[in-house]
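Scroll down for the structure; my scribbles are underneath it.
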Amino acid sequence: MTEKEKMSAGMVYSAVDAQLLEELDSVKETIHRYNAMSPADKSGRLEILKGLLGHIGDDDIIINQPFYCDYGKQISVGKRFFANFHFTVLDEAKVTIGDDCFIGPNVSIYTACHSTDPAERNTRNEWAEPVTIGAGSVVTKDIPSGVVAAGNPCRIIKQLYDKEGNI
């Protein structure tokens, strides 16, 4: 089983596998082109997103630049999706975002998981857990791996964070 297959299956895999690193570099090139495009070139930006992301619900998608992701193909967004500036998705696992979702500025979604043990973390082995954000959600805080969030923004924040902002 390849490291990519392990990653896709939610198993522990080597994050420094040559195939995975090559894919990451390829996506970085695409992201660099996207982020360097004129914001006025809406059709050009849409074409890049269609080739980069795994699924787009419709052409009414806006992802303000800069935008960053690891693989892109693991990301699925619904109809009328909007993400503000500095949207970052570490999509080692599937990230599914429903219709009519709004992502605020400086929001990151993390699917990659690492051991809290320094020796184990230094092996560069990790695993990934999917993130699902339901239709109509407004997200203004980072979303960690393994989260399923739905509903209004107050409920999402209460599900993910205590009053001090800790997960």
For the stretch 110-167, which residues satisfy the criterion of being of a type in the set (D, E, K, R) and modelled with pLDDT under 90? ASP117, GLU120, ARG121, LYS141, ASP142, ARG155, LYS158, ASP162, LYS163, GLU164
Of all residues in the stretch 22-52, which are outside any helix (DSSP H, G or I) and touching a helix residue (DSSP H, G or I) at 6+ places or on another chain (Cβ under 7 Å)? MET37
Residues being farther than 17 Å from LYS28 by Cα and more than 10 Å from the chain's Cα centre (by Cα): count how many of those fall in the stretch 86-106. 9
Tell me which residues, restricted to the stretch 114-133, are touching a residue at least 24 places away in the same chain (Cβ under 8 Å), over 10 Å from ALA93 (Cβ atoms) and of a type in the set (A, V, I, L, M). ILE133
Checking ALA36 against (1) exposed (fewer than 14 other Cβ atoms within 10 Å of the Cβ); (2) touching a Ser or Thr at 6+ places or on another chain (Cβ under 7 Å): exactly one of these is not met. Which one? (2)
Check on LYS6, of a type in the set (Lys, Arg) and open to solvent by 60 Å² or more (accessible area, probe 1.4 Å): no
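For the stretch 61-70, state whether one or more residues are open to solvent by less than 60 Å² (accessible area, probe 1.4 Å), out of contact with any Leu (no Cβ under 7 Å at 6 or more places or on another chain) and either within 27 Å of GLU120 (Cα to Cα) or part of a strand (DSSP E or B) (or both).
Step one: list which residues in the stretch 61-70 are open to solvent by less than 60 Å² (accessible area, probe 1.4 Å), which gives 61, 63-67, 69-70.
Now narrow it down to the ones that are out of contact with any Leu (no Cβ under 7 Å at 6 or more places or on another chain): 64-67, 69.
Pick out the ones that are also either within 27 Å of GLU120 (Cα to Cα) or part of a strand (DSSP E or B) (or both) and you get 67, 69.
Taking every residue of the stretch 61-70 in turn, at least one turns out to be open to solvent by less than 60 Å² (accessible area, probe 1.4 Å), out of contact with any Leu (no Cβ under 7 Å at 6 or more places or on another chain) and either within 27 Å of GLU120 (Cα to Cα) or part of a strand (DSSP E or B) (or both).
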Can you find a residue in the stretch 66-75 that is over 18 Å from PRO130 (Cβ atoms) and either in contact with a Pro (Cβ under 8 Å, 6 or more places away or on another chain) or modelled with pLDDT under 95 (or both)? no
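The values are calculated or read from the model by the stated rules, or taken from the named source; none is laboratory data. A quick note: this is a predicted structure, and the numbers were derived from the prediction, not measured. Glycine also receives a Cβ, built like all others from the backbone with ideal geometry; neighbour counts cover every protein chain displayed. Each accessible area value is taken on the protein alone, full model and side chains, heavy atoms only, with ligands, DNA and RNA left out. Shrake-Rupley method; radii C 1.70, N 1.55, O 1.52, S 1.80 Å.
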